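Q: Have a look at this one.
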Amino acid sequence: MLKLKSHSRRRFLQMAGGGAAVMCGLAGCKPDKGKELVDGEGAKLKGAAKGKAELTAQCPYCGVGCATLIQVDDGKIVGMVPDQISPVNEGVQCIKGLAAWEPTYTDRLTACLVRKDMSDPLTGHVSATKGKFSPDVWREVTYEEASKIAAEKIAAIAQKFGGNSVGLYGSGQLTLEGQYLENKFM
């Protein structure tokens, strides 16, 4: 291992301790402004802001966790911008993180939908309505029924084609508990 003359474990610990002390001191420097948020019904939520406000958040899309400012106007999200003073992303952010707020209020599903003519990879059946998204090709189901359908399909595919036939797509922002469950599943 390369040993630098000017660096030692002792010096590193001194600097780390000093840095931690400074950060603890700075943590109390920014006063809370009593921000208020409003839910969809207009009820005030604890810690929210009246009028225009910028709320700090962390983007969940990748392992970087970019610092983001969520722009709120009367309790409704109207935009997102990267935090210019963040040492993590240094004031830049990908388009995915910047556009994350857009689907919050429009074109959202309000119920679980299952295709009436569902494809089945176990039998080779391909849905005749594949690629079509008109309302008449879907049926509304409960969350429990949707979860059951997904679980049964995944289990049957894994049983027939082996464990490597199923993959998971996650993020570096996945919690420890989520990672544990993914590992148990796979």
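Every number in this text was worked out from the coordinates using simple rules, so none of it is lab data. Note that the coordinates shown come from a computational prediction; the quantities given were computed from them, not determined experimentally. Because the Cβ atoms are built from the backbone with ideal geometry, glycine has one as well, and the counts that use them run over all protein chains shown.
Q: Mind scanning Lys116/Lys184; Lys96/Lys130; Lys116/Lys153; Lys116/Lys148; Lys52/Lys96; Lys96/Lys148 and naming the pairs with a C-alpha gap bigger than 21 Å?
A: Beyond 21 Å between Cα atoms: Lys116/Lys184; Lys96/Lys130; Lys52/Lys96; Lys96/Lys148.
Q: Amide H to amide H under 5 Å from Trp138: which residues, 5+ apart in sequence or cross-chain, H placed 1.01 Å off N in plane?
A: Amide H neighbours of Trp138, under 5 Å, 5+ apart: Lys116.
Q: Still on this structure: What is the distance in Å between the Cα centres of the range 141-158 and the range 65-87?
A: 36 Å
Q: Sticking with this one: Mind listing the long-range amide H neighbours of Gly79? Cut-off is under 5 Å, sequence gap 5 or more, other chains count too, H placed in the peptide plane at 1.01 Å from N.
A: Long-range HN contacts for Gly79: Gln71.
Q: Return the sequence-ordered ³J(HN,Hα) values of the range 172-186 in whole Hz as given by the Karplus equation 6.51 cos²θ - 1.76 cosθ + 1.60 applied to θ = phi - 60°, using x for Gly and Pro.
A: With the stated coefficients, the range 172-186 comes to x, 8, 5, 6, 4, 5, x, 5, 4, 5, 4, 5, 5, 5, 7 Hz.
Q: Continuing with this model, one more query. For the range 68-81, in order, what is each residue's ³J(HN,Hα) by Karplus, 6.51 cos²θ - 1.76 cosθ + 1.60 with θ = phi - 60°, in whole Hz (x at glycine and Pro)?
A: 10, 9, 8, 8, 10, 10, 6, x, 10, 5, 10, x, 9, 9
Q: Please work out, to two decimal places, the log10 of the ratio I(q)/I(0) at q = 0.23, 0.24, 0.31 Å⁻¹ from a Debye calculation in which every Cα of the range 61-107 carries one identical scatterer.
A: -0.81, -0.86, -1.15
Q: Something else: Largest first, please: the extent of the C-alpha atoms of the range 112-185 along each principal axis, to the nearest Å.
A: 41, 26, 21
Q: From the phi of every residue in the range 95-108, what ³J(HN,Hα) in whole Hz does the Karplus formula 6.51 cos²θ - 1.76 cosθ + 1.60 yield, where θ is phi - 60° and glycine or proline is x?
A: 5, 4, x, 5, 9, 4, 7, 4, x, 4, 10, 10, 6, 9
Q: Determine, for Glu90, Glu152, the number of other Cβ atoms within 10 Å of each Cβ, and report the residues in order from fewest to most.
A: So the residues, fewest neighbours to most, are Glu152, Glu90.
Q: Please sort 92-104, 123-135, 57-69 by packing, taking for each peptide the average over its residues of neighbouring beta carbons within 10 angstrom, highest first.
A: Peptide ranking by packing, descending: 57-69, 92-104, 123-135.
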